[in-house]
Amino acid sequence: MGKRAAVDVFKRFPGTWEVYQVAENELATAFWRAVIREYTGGEYDEVNVELHGIACVQQRFRSSTRRETT
C-alpha cells in the first residue's frame, strides 16, 4: 500500500522530488530506494546530507504523469 500511495502522489504532482530519510533508518531507506528505483527506472540521484544536524539520505528525481508503474 505504501508503494502505491507514493506512486500516486508522484504522478499527481509532477516535477522535481527530493525524498529524505534519517540515515540510521535503514528500513526506510531501503523502502524509498526500491520505490524510487522502480518508478524512475533507476533515473535518480542519491546523496548523503545533513539536515538540522542529523545525517540523512536524499533521493532526487523528476516525476512525470506519463510514468506507468504498478
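Things to note:
- Across region 20-55, the qualifying residues are those that are touching a strand residue (DSSP E or B) at 6+ places or on another chain (Cβ under 8 Å) and of a type in the set (Asp, Glu), and the one among them that is surrounded by the most Cβ atoms within 10 Å (Cβ to Cβ) is 46.
- Segments classed as strands (runs of 3 or more DSSP E), wholly inside the chain, with at least 3 members that are among the small types (Gly, Ala, Ser) and in contact (Cβ under 8 Å) with a residue 60 or more places away in the chain: none
Every number here is computed from the coordinates shown, using simple stated rules; none is lab data. Remember, it's a predicted structure, so these values are computed and weren't measured experimentally. Neighbour counts run over all protein chains shown; Cβ positions are idealised from the backbone, glycine included.
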